[in-house]
Amino acid sequence: MGNKAEVKILHFADLHLGVESYSCFDPQTGLSSRFSDILKALDQVVDYAVGEKVDLVLFCGDAYKSRNPSQTQQREFARRLKRISQEDIPVFLLVGNHDLPNAVGRATTVEIYDTLGVNNVYVANRPGIYHVATKSGGIQVVALPWPRRSALLSREEDKNLTIEEINDRLQQIMTQRLLDLSTKLDPAWPSVLAAHVSVSTAKQGSERVMIIGRDPVLLPTNVALPSFDYVALGHIHKHQKLWEQPLMVYPGSLERLDFGDEGEKKGFCLVDVPPKGDNTGAQYEFHEIPARAFTTIKVNIDTPDDNPTFAVLEAIARRKSEIKDAIVRLQISLPQYLENSLKENEINQAVKEAQYVIFAKDVRSEARPRLGNWAAEGLTPLEALRTYLETKGVSLERQETLLNYAEKLIRGESDS
């Protein structure tokens, strides 16, 4: 007998506990500031799940940055899972590429929950169909975790494949497994696909810098199968909807992880999956949560009359409202002969309200500028000054006054 009520699912992914780029020490917790940022984001997910009494929390992979998370990272993640499970809310954990061990036989980062039989926590280490009981009825979750290449490519003829051929083979195997699993679903129960995978039409985010080699990529038509009521994705850090019927969505990473996430909204998806027979289809809302701001300030200095420090301070002042508590990147492009004119102490003072500041200087090797059609070399000081004043469009009267003073200074004379 099928469900009579819709199932409310909280869908999030790509936590990456352990990312500590652009981090400083947090004296309140004794942890790195970036670790605290990610935990705060996770706390908002937990608070919402418990407060709104959702039926299922669906996590689509990459709990940690590393396949060997620290004891502290594991403890903090477990604390939050425990709070959800104690509220009688099932949690479904899908294994992502960062959760996989580097050798066959070793455990994944989240396998311990399955080993201990933690109540209300489901762990999907391999493709399969999982039947999850919720307060609003049962739901089928088809799991497609990140593929273990060594397990999938075990045939003798697969051993000498090129990287391109390996990816093509993986894509064929994953596509076929999805198709096989979809045919085994009970049509009387709602079904959701949870997949940690790259879909070809997705726009990439900050995950690009974390990828080694090339991902296997699936076509959207091979993932959004009609037997699924909702397709919950993980792996791509940019929130996006890829398909309408069935809904296929990446929630994106929960926190901004680097400058690839600059300006991107971060959060989770709240999904309503209707009972079978209801033709309205699944609906979802993206819930934005506060995330650490990343701000890039670009300054290009390209004329000899530019005061490098003033130009940078002026650019900072224009973006002042975006600096407080942000991770700020100053991209300063200037010619080499002006590099020593840059007063970094003054600049640091101007961005002191930022949480973390990166100086990214692009120093260009350029010859010193010429004064009009005359080279500065070989001119007397007065000739050089006159040429400079002419190139700047200074009036003849003003030129004569300045040249007068200059000549007296050169001769060592002074007026009272």
Has segment 58-65 got at least one residue that is assigned to a helix (DSSP H, G or I) and either modelled with pLDDT of 95 or more or surrounded by fewer than 18 Cβ atoms within 10 Å (Cβ to Cβ) (or both)?
-> no
Any residue at all in segment 76-83 that is in a helix (DSSP H, G or I), over 23 Å from Leu144 (Cα atoms) and in contact with a Gly (Cβ under 8 Å, 6 or more places away or on another chain)?
-> no
Answer with yes or no whether Asn279 is out of contact with any Phe, Trp or Tyr (no Cβ under 8 Å at 6 or more places or on another chain), outside any loop (DSSP other than H, G, I, E, B) and surrounded by fewer than 13 Cβ atoms within 10 Å (Cβ to Cβ).
-> no
Look through Lys298, Lys352, Lys343, Lys361 and report the one residue that is modelled with pLDDT of 95 or more, surrounded by fewer than 16 Cβ atoms within 10 Å (Cβ to Cβ) and either farther than 26 Å from Asp258 by Cβ or in contact with a strand residue (DSSP E or B) (Cβ under 8 Å, 6 or more places away or on another chain) (or both).
-> Lys298
Please tell me if Tyr122 is within 27 Å of the chain's Cα centre (by Cα), more than 11 Å from Arg67 (Cβ to Cβ) and at pLDDT 90 or above.
-> yes
Where residues in segment 221-242 are hydrophobic (A, V, I, L, M, F, W, C) and closer than 20 Å to Pro275 by Cα, which of them is nearest to the chain's Cα centre (by Cα)?
-> Ala232
Considering each of Glu165, Glu111, Glu156 in turn, give the residue that is over 29 Å from Thr221 (Cα atoms), modelled with pLDDT under 85 and acidic (Asp, Glu).
-> Glu156
Segment 185-199 residues that are under 23 Å from Trp146 (Cα atoms), paired with ones that are among the acidic types (Asp, Glu) (beta carbon under 7 Å, 6 or more apart) | Ser191/Asp229; Val192/Asp229; Ser198/Asp215
Looking at (1) closer than 30 Å to Ser36 by Cα; (2) touching a strand residue (DSSP E or B) at 6+ places or on another chain (Cβ under 7 Å); (3) not assigned by TED's automatic domain parsing to the domain that holds Trp189, which is the only condition Lys241 fails?
-> (3)
The residue from Ser206, Ser253 that alone is within 19 Å of Phe12 (Cβ to Cβ) and either in contact with a Phe, Trp or Tyr (Cβ under 7 Å, 6 or more places away or on another chain) or at pLDDT below 95 (or both) is Ser206
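Checking the structure you have, find out if any residue of segment 211-230 is acidic (Asp, Glu), surrounded by 14 or more Cβ atoms within 10 Å (Cβ to Cβ), modelled with pLDDT of 95 or more and over 30 Å from Arg169 (Cα atoms).
no
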Has segment 301-319 got any residue that is part of a loop (DSSP other than H, G, I, E, B) and at pLDDT 95 or above?
-> yes
Could you figure out which of (1) within 21 Å of His196 (Cα to Cα); (2) touching a strand residue (DSSP E or B) at 6+ places or on another chain (Cβ under 7 Å); (3) of a type in the set (Val, Ile, Thr); (4) in a loop (DSSP other than H, G, I, E, B) isn't true of Val54?
-> (1)
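Select, from Arg79, Arg106, the only residue that is exposed (fewer than 14 other Cβ atoms within 10 Å of the Cβ) and within 25 Å of the chain's Cα centre (by Cα).
Answer to the check: Arg79.
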Number of the exception - Tyr22 against (1) in a strand (DSSP E or B); (2) in contact with a Phe, Trp or Tyr (Cβ under 6 Å, 6 or more places away or on another chain) = (1)
Selection from segment 216-235 of residues in contact (Cβ under 8 Å) with a residue 60 or more places away in the chain and in a loop (DSSP other than H, G, I, E, B) yields Pro216, Phe228, His235
If you take the residues of segment 16-51 that are touching a strand residue (DSSP E or B) at 6+ places or on another chain (Cβ under 9 Å), of a type in the set (A, V, I, L, M) and within 25 Å of Gln283 (Cβ to Cβ), which of them is surrounded by the most Cβ atoms within 10 Å (Cβ to Cβ)?
-> Ala49
Before we move on, is Val271 outside the structural domain of Ala354 (by TED's automatic domain parsing), without any contact (Cβ under 8 Å) to a residue 40 or more places away in the chain and part of a strand (DSSP E or B)?
-> no
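The values are calculated or read from the model by the stated rules, or taken from the named source; none is laboratory data. Worth saying up front: this structure is predicted, and the values here are computed from it rather than measured. Note: ideal-geometry Cβ built from the backbone for every residue, glycine included; neighbour counts use all protein chains shown.
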